[in-house]
Every structure is written in C-alpha cells, then in structure tokens.
Amino acid sequence: MLPLEAIELDAFRRRHEHDTFWCGLLLGGCGGQLTTKLYTDRVCHFAHHPGPDGLPHVCGRRARGVDSADHLYVRSAAAAWLAGRGEQATVEYTRAEGAPLGSVVDVRWRHGALRVHLDQAVAPVWDDDVEPVLGTMVPVDRDTLIRRWYVHRIRLDSVGTARHVQIGTEAFARPIEWFALDECEMTGRGLSTPAVEKIVQARNAPRPSLWSPGKVRKVPEPEARARSLLRRLVYARRIESVSLAKQVCEEIEGLTGAEGELQGQLEAAVRHARVWLVEQNEERHRLFGNLKRAVAEQRPGRVRRLLIRVNATAAEDRTEAESAVCERAIKYFEGLDDLTRDAVEAEAATEKEAKKAAARVRSALPRLRGYDAYTFDLRPQVEEFLRSAALAGELLKRGEARRVEVWKKRAALGPQEQLRVARRHWIQRSCPRCNAEQGKNCVLVEGPNSGKARKDGHNERLRLIVDERKAAQRMARQQKR
C-alpha cells in the first residue's frame with residue numbers, strides 16, 4: 001500500500017529505489033507499469049505511465065478503496081496462519097456465478113476448508129463441507145444463527161500501510177466478539193475462537209431439573225401438538241422471526257382435533273400473531289424507507305447502521321424494490337473514499353463503546369441503589385460508574401441520567417468514612433437524618449429505594465455514640481490529671 005503523505009512517500013521511494021511496481025492482474029488491473037505520484041495538496045498515489053502516443057493510459061480497474069486488495073491480504077494471512085500450524089494451504093480466488101475477482105476466497109488444506117465471502121456477490125452455502133466466513137456486510141438471518149449456534153465473520157483493519165485480519169464470532173442475541181487470527185484454531189467443529197468455546201459450553205450444559213415428575217399424564221396427540229405449536233409461536237415472536245411465525249400460524253390453522261378452550265387459545269394466538277406480523281411488515285417498510293433516504297441524503301454513518309439492521313432483520317424474502325434499495329446502499333457505501341470510510345468506522349467504534357458503557361451503567365445502578373452516601377468502600381465502583389456514564393452520553397435514559405447526576409454531586413464532595421459502631425449501641429438512639437425511631441433500622445433517604453432498610457446506620461446516628469465516647473474519654477483524662 002502506497003503511503004498517502006508526501007513525507008512518508010519520500011521514505012518509501014528511498015526504500016524501494018531499485019524496485020518496480022505494476023498494475024496487479026489480481027486486483028482487476030491491466031498489468032502495466034506504475035509510477036508513484038507525490039502531492040502536498042492531496043493524497044499521493046500510484047499512476048500509470050503514459051501510452052506510446054503520450055496520451056493517458058486507460059486501465060479497466062475501477063476499485064480504488066483501501067479494501068480492494070483485501071482478498072490478497074486474506075490469502076497471505078491464511079497461508080501464514082496455517083503454516084504456523086504445520087499445514088500447507090491452497091488458496092484460490094473463486095469466481096463463482098460471475099462474481100468479481102476477490103469476492104470469494106477459498107482456503108483449503110489437508111483437514112479442512114474455508115470459504116471467505118468478502119462481499120454479497122455470492123450467497124453462502126451452509127450445508128456443505130466448506131465452512132463459510134462472512135464479511136461484515138454479508139447478511140445472515142436469525143434462523144441460520146439459531147440453527148448453527150454461531151457463524152464466523154472477517155474484517156480487515158488498516159495498521160499503518162498494511163491490513164490485519166480479524167475473525168469475529170456472531171451468535172443469536174450476542175454481540176460479535178472479535179479476535180486476532182493467531183487466537184483462532186481449527187478443531188473438529190471447524191474454525192474456532194475463544195467465543196465458540198463459551199457458546200458450545202453454554203449450549204451443552206445440562207439444564208437444571210426444576211421439578212421431579214411422578215406419573216406422567218398421557219396427553220392426547222392433538223392437544224400435545226397444539227400446545228407445542230403455541231410454544232413455538234411464542235418463541236418465534238420472542239426472537240422476532242417473521243418466517244417462523246408465518247410457518248407456525250399456517251400449521252395451527254391446518255391443525256385438527258383441538259376442541260373447547262384449547263381451540264380458543266389457538267385462534268386467539270393466531271389472531272394476535274397476524275396483528276404482530278402486520279406491525280413487523282410496517283416496521284420493515286420504514287426500515288427500507290429510512291435506508292433509501294439515508295443514501296439520497298448521503299449520510300454514510302446512518303447508511304452503515306441501517307444496512308446492518310437490514311441484514312440482521314430483513315435478509316430473506318426481499319422484494320425487488322427492497323433488493324434494489326440494498327444494492328444502491330451497498331454501492332454507495334463501497335464507493336466512499338478512504339477518509340470517509342475510516343471516519344465512519346471510527347464513528348461506529350465510538351458508538352459501540354458507548355453502548356457497552358451504557359450497559360455497564362445499567363448494570364451498576366441496581367447495586368448503587370442500596371446506598372445514599374458515598375463512602376471509601378464505594379470509591380472504585382463509583383469512579384468506574386461515572387467513567388462509563390461519560391462514555392454513554394445520550395444513550396442513557398432520563399431516569400438513569402438523573403441518578404448519574406446524584407452520584408456526580410456526591411463524588412464532587414469526595415468519599416466519606418463510614419463510622420463503625422456496633423448495632424446494639426446505635427439502635428438505642430433515634431436517627432436525626434432519616435428519623436428512624438429507637439429500636440428501628442435506618443432507611444434510605446435518597447434514590448428510587450427511599451424508605452427501604454439501610455445496610456448500616458447513618459453516620460449522623462452513629463456520630464452521637466462516637467461523640468459521647470470521646471467526651472467520656474476526655475472526662476476520664478481530666479479526672480486522672
């Protein structure tokens with residue numbers, strides 16, 4: 001990759017003064033010789049030598065983005081990774097179904113094979129001996145995630161003038177976890193990451209037995225079938241799978257033998273599911289409409305976010321109009337210049353960190369509800385809580401933001417030491433802060449848990465005992481003198 005800055009290009013030229021550069025055929029180029037162009041007012045780049053007639057050379061290569069050579073980086077990274085494990089890799093740039101060169105990279109060795117889909121030109125095949133690895137913009141539907149437990153994704157990050165491979169593991173209802181290629185291994189299940197091990201362990205763990213049945217009541221076949229369909233319909237709506245909900249509704253409508261109250265439950269479930277399907281269809285129309293407007297308004301960050309949602313929730317049964325909207329969005333996004341693409345990726349990374357921070361804040365809030373004072377014991381928790389809140393920003397709800405402000409004010413005053421007095425002593429006093437009567441525990445006076453019992457007595461209540469003890473000690477010293 002040619003450096004973009006003039007000062008870096010000078011060093012590049014000195015380092016390669018005896019080398020020549022050529023327009024790569026594996027990049028869709030013409031094979032002609034290239035020279036380097038140095039600019040101070042715009043990015044430096046490779047350029048073709050003029051033709052024999054002095055006119056500019058015409059090259060058929062169209063892709064200019066930083067990712068246009070990703071298939072070459074994938075090839076070299078895969079070969080090095082397998083060589084480090086004692087395997088000889090065979091890598092091919094498969095041009096299936098007329099896809100452009102570099103869309104699909106097949107990696108094969110003695111004991112396995114991977115097919116890397118860097119774009120959407122070729123649909124992945126899931127029931128084959130070759131395991132698919134999907135680029136970040138290649139869609140996968142919920143049903144596939146549920147059936148396969150997980151799928152692998154690949155992305156390439158720019159590090160200096162090189163591209164480094166990252167492998168991600170995506171599972172249903174779990175965020176994608178990314179790992180360096182050296183952290184991955186090949187197992188009997190195929191490509192494996194540290195996330196795969198956790199997913200497999202979670203799926204294979206025995207479920208705890210909640211009850212021990214005695215004699216099992218025999219259920220008539222239609223009734224058992226009906227109740228199974230009702231459970232499947234609830235599950236389909238929970239995971240927001242439109243195709244599964246439609247299938248179950250059709251099966252319920254074709255079911256015979258259910259009577260009475262059970263038949264009424266089936267009819268009500270289908271009726272509510274049909275209303276839900278209409279709402280999902282309207283939401284789908286809004287989603288594609290928003291994507292179309294984002295492309296028209298040239299908002300790359302919003303286009304990226306909406307494409308991810310479309311690929312996650314509407315990857316199947318697309319109409320021609322929906323497919324056309326997606327194709328325009330993908331073409332627009334792939335046509336962005338490097339600086340814009342990097343800015344969008346940086347914005348996406350910031351949003352991801354903000355979401356993680358918001359999740360940490362929501363996890364910490366229930367723990368902090370049990371406190372109405374900032375003590376030294378809470379200092380690490382509160383500092384991490386406020387750091388996360390600053391990263392989360394506007395992602396916090398109004399009530400959450402109010403609780404953050406309360407802890408900000410407490411932190412500004414600094415932590416206070418929690419006085420230690422045995423309960424049998426301070427319980428004999430009433431509390432001047434929460435007005436707890438003699439013999440009653442102190443209660444929280446701030447926050448959503450106001451009125452609930454407090455773990456310790458308020459310092460104001462314990463201070464009475466401490467002051468009495470200090471006064472008694474002073475009196476004893478005076479009498480001794």
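List the residues whose amide H sits under 5 Å from the amide H of ARG153, counting only those 5 or more places along or on another chain, with H placed 1.01 Å from N in the peptide plane.
LEU134, GLY168, THR169, GLU170
Looking at the range 14-75, which chymotrypsin sites (Phe, Trp or Tyr not before Pro) are in a loop (DSSP not H, G, I, E or B) and have at most 12 other Cβ atoms within 10 Å? The partial results should precede the final answer.
Details: sites: PHE21, TRP22, TYR39, PHE46, TYR73; in loops: TYR39.
In loop regions of the range 14-75 (DSSP not H, G, I, E or B), the sparsely surrounded chymotrypsin sites (Phe, Trp or Tyr not before Pro) are TYR39.
When the accessible area of the chain is computed with all protein chains present and a 1.4 Å probe, what percentage of it is carbon and sulfur?
Details: 15160 of 29750 Å².
Heavy-atom surface of the chain belonging to carbon and sulfur, 1.4 Å probe: 51 percent.
Among all the lysines, which ones have a C-alpha under 17 Å from LYS198's C-alpha, if same-chain residues fewer than 8 places away are not counted?
Qualifying lysines at Cα under 17 Å: none.
Which one of PHE333, VAL361, SER323 has its Cα pushed farthest toward the positive end of the charge dipole of the range 301-367, where Lys and Arg give +1 and Asp and Glu give -1 at the Cβ?
VAL361
For the modelled label position 7 Å from the Cα of LEU413 along Cα-to-Cβ, which residues of the range 434-467 have backbone nitrogen atoms closer than 18 Å?
434-436, 443-451, 454-464
Å³ per residue of the Cα convex hull, for the range 23-144? Show your work: numbers first, answer last.
Numbers: hull volume 19.5 nm³, N = 122.
Normalising the Cα hull of the range 23-144 by residue number yields 160 Å³.
Relative contact order of the range 396-481: what whole-number percent is it, with Cα pairs under 8 angstrom and at least 6 residues apart?
Values: 68 pairs, mean separation 19.2, N = 86.
About 22 percent, as a whole number.
Is the shape of the range 326-368 rounded, prolate or oblate, going by the alpha carbon gyration tensor and its root eigenvalues a ≥ b ≥ c, with a/c under 1.5 for rounded and a/b larger than b/c for prolate?
Working: a/c = 9.44, a/b = 2.89, b/c = 3.26.
In terms of gyration-tensor shape, oblate.
In whole angstrom, note down how far apart the Cα centers of the range 263-310 and the range 23-85 are.
Taking the Cα centre of the range 23-85 as reference, the centre of the range 263-310 is 41 Å away.
Among the listed pairs LYS292/LYS331; LYS356/LYS397; LYS352/LYS397; LYS352/LYS408, which have their C-alpha atoms separated by more than 20 angstrom in this model?
Working: LYS292/LYS331 12 Å; LYS356/LYS397 15 Å; LYS352/LYS397 17 Å; LYS352/LYS408 24 Å.
Among LYS292/LYS331; LYS356/LYS397; LYS352/LYS397; LYS352/LYS408, the Cα-Cα distance tops 20 Å for LYS352/LYS408.
Summing +1 for each Lys or Arg and -1 for each Asp or Glu, what net charge is found among the other residues whose Cβ lies under 10 Å from the Cβ of ASP119? Intermediate results must be reported in sequence, preceding the final value.
Working: positive: none; negative: ASP67, ASP70, GLU334.
Combined, the nearby Lys, Arg, Asp and Glu give -3.
Going by a ≥ b ≥ c, the root eigenvalues of the Cα gyration tensor, does the range 141-193 fall in the rounded group (a/c under 1.5), the prolate group (a/b larger than b/c) or the oblate group?
Working: a/c = 3.08, a/b = 1.68, b/c = 1.84.
Oblate is the answer for the range 141-193, as a/c is 1.5 or above yet b/c matches or exceeds a/b.
Taking LYS440 as the anchor, which lysines have their alpha carbon closer than 18 Å to its alpha carbon, excluding any fewer than eight residues away along the same chain?
LYS452, LYS455
Does anyone have the angle between helix 70-83 and the longest principal axis of the chain? Alpha-carbon axes, 0 to 90°, nearest 10?
The answer is roughly 70 degrees.
7 Å from Cα along Cα→Cβ at both THR319 and LEU25: what's the point-to-point distance in nm?
It is 4.6 nm.
Could you work out how far apart the two model spin labels at LYS356 and ALA453 are, taking each label as a point 7 Å from the Cα in the direction of the beta carbon, and quote it in nm?
Going by the 7 Å Cα→Cβ label model, 3.9 nm.
How many nm is it between the label spots at GLN166 and ASP342, if each spot is 7 Å from the Cα in line with the beta carbon?
A separation of 1.6 nm, rounded to one decimal place.
Mind ordering 249-262, 286-299, 468-481 by average Cβ neighbours within 10 Å, highest first? Before the final figure, lay out the partial values.
Values: 249-262: 12.5, 286-299: 15.4, 468-481: 9.2.
Final packing ranking: 286-299, 249-262, 468-481.
With every protein chain kept in the model, how would you rank CYS59, CYS30 by accessible area, 1.4 Å probe, largest at the top? All intermediate terms of the calculation are to be shown ahead of the outcome.
Working: CYS59 20, CYS30 55 Å².
Output order, biggest surface exposure first: CYS30, CYS59.
With a ≥ b ≥ c the root eigenvalues of the C-alpha gyration tensor of the chain, is it rounded (a/c under 1.5), prolate (a/b larger than b/c) or oblate? If you can, show how the numbers build up before the last one.
On the way: a/c = 2.44, a/b = 1.43, b/c = 1.70.
Oblate is the answer for the chain, as a/c is 1.5 or above yet b/c matches or exceeds a/b.
For the chain, with every protein chain kept in place, what is the accessible area per residue (1.4 Å probe, Å²)?
Working: 29750 Å² over 481 residues.
For the chain, the per-residue accessible area is 62 Å².
The values are calculated or read from the model by the stated rules, or taken from the named source; none is laboratory data. Everything numeric here is computed off the predicted structure, so don't read it as measured data. Glycine gets a Cβ as well: all are built from the backbone with ideal geometry, and neighbour counts include every protein chain shown. All accessible areas refer to the heavy atoms of the entire protein, side chains included, with ligands and DNA or RNA removed. Shrake-Rupley method; radii C 1.70, N 1.55, O 1.52, S 1.80 Å.
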